[in-house]
């Protein structure tokens with residue numbers, strides 16, 4: 001029977017509130033295991049849980065900061081503030097939503113993290129009035145406007161960072177900004193000042209966050225850092241943005257092995273850099289697939305190429321496949337359209353890459369996936 005239909009179990013707590021707590025807690029089991037496994041934790045609504053950082057990404061962010069003091073302008077549920085407080089002497093958590101601020105403060109007390117001061121206030125307004133200087137300021141702007149529509153440019157988020165950035169730098173020399181994974185990195189850099197690093201964080205090949213590290217007065221080359229967490233293992237790849245723009249690609253026909261960058265690298269735009277660093281040839285300027293004769297360690301998926309075929313009906317028939325895993329890269333048809341057109345179901349051990357190689361030649365690559373634990 002649904003909790004909502006049962007008689008009240010706890011005095012002073014409605015069945016609706018209890019149901020909301022159970023639903024929100026369930027969403028934390030994998031995303032926030034510390035909260036999930038701690039008694040007396042109180043949860044906000046499920047939307048707040050969906051919008052908050054995971055423990056994995058919060059812990060990673062905490063490795064980027066140093067010093068003694070940090071202010072979290074948009075504190076929310078407090079996952080990031082909690083992990084920052086484990087590395088800093090004092091953290092200020094500002095949250096304009098009174099209920100959410102009280103929930104965060106309660107949970108900090110339950111988690112016995114006593115160096116976080118919570119304020120029910122607009123973080124920007126708090127910063128304008130305080131005389132305190134911070135070693136770091138952290139901002140996770142809301143990607144929804146006053147009408148609750150999704151926005152992606154920083155100037156359209158709340159708070160408007162480009163508008164307030166000069167004032168923020170009066171209170172700190174270091175700023176860490178979390179943005180939507182859908183934000184165009186080049187546009188984000190143009191909207192901000194003194195960008196030192198951009199971090200692209202993915203979990204199980206799904207990009208979750210973009211992080212912009214700003215340092216007042218910084219004039220050097222911007223470093224792009226990508227990280228993909230797969231079963232606890234960190235796959236990292238870094239490159240200099242300016243170098244990426246000047247690298248001349250090496251192109252070639254499919255050889256024995258095929259390499260597909262992970263989603264963090266694909267989001268970062270480091271297409272030339274990843275080919276150069278690993279000594280790979282690109283199949284086409286816009287396909288973002290790479291090849292070489294040797295099997296090497298690589299931050300992405302690796303395949304052995306079994307057949308290379310021109311894309312046509314006869315080639316598809318020669319494969320005699322009822323089932324296959326299909327990937328499309330720089331190809332005029334989508335995965336769904338290919339499955340429908342050629343009656344190929346999803347699954348199995350065969351991998352088909354539909355792509356463009358060389359001089360705009362539509363091609364099928366039949367491959368066998370190489371597991372990450374295979375010896376190299």
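What follows is calculated from the coordinates using simple rules that are stated; it is not laboratory data. Being a predicted model, the structure only gives us computed values, none of them experimental. Here the Cβ is made from the backbone with ideal geometry for all residues, glycine too, and neighbour counts use every protein chain on show.
Taking Cα centroids, how far is the stretch 223-279 from the stretch 26-62 in Å?
31
Taking a virtual spin label 7 Å from the Cα of residue 186 along the C-beta vector, which residues in the stretch 193-210 bring their backbone nitrogen under 20 Å of it?
Within reach of a label on residue 186: 193-201, 210.
If I fit a long axis through the Cα atoms of helix 15-31 and take the longest principal axis of the Cα atoms of the chain, what angle between them do I get, 0 to 90°, rounded to 10?
50
Relative contact order of the chain: what whole-number percent is it, with Cα pairs under 8 angstrom and at least 6 residues apart?
Contact order relative to length: 8 percent.
Measuring from label point to label point, each 7 Å out along Cα→Cβ, what is the residue 205 to residue 160 span in nm?
4.1
Mind checking the full-extension length gain between residue 34 and residue 99? Use 0.36 nm per residue of separation minus the Cα-Cα distance, one decimal, nm.
Extra length available between residue 34 and residue 99 comes to 21.3 nm.
At 7 Å along the Cα-to-beta-carbon direction for both residue 240 and residue 16, put a label point, then send me their distance in nm to one decimal.
Result for the modelled spin labels: 6.0 nm.
I'd like the orientation of helix 98-110 relative to the chain: the angle between its Cα long axis and the longest Cα principal axis, in ° from 0 to 90, rounded to 10.
Roughly 90 degrees, rounded to the nearest 10.
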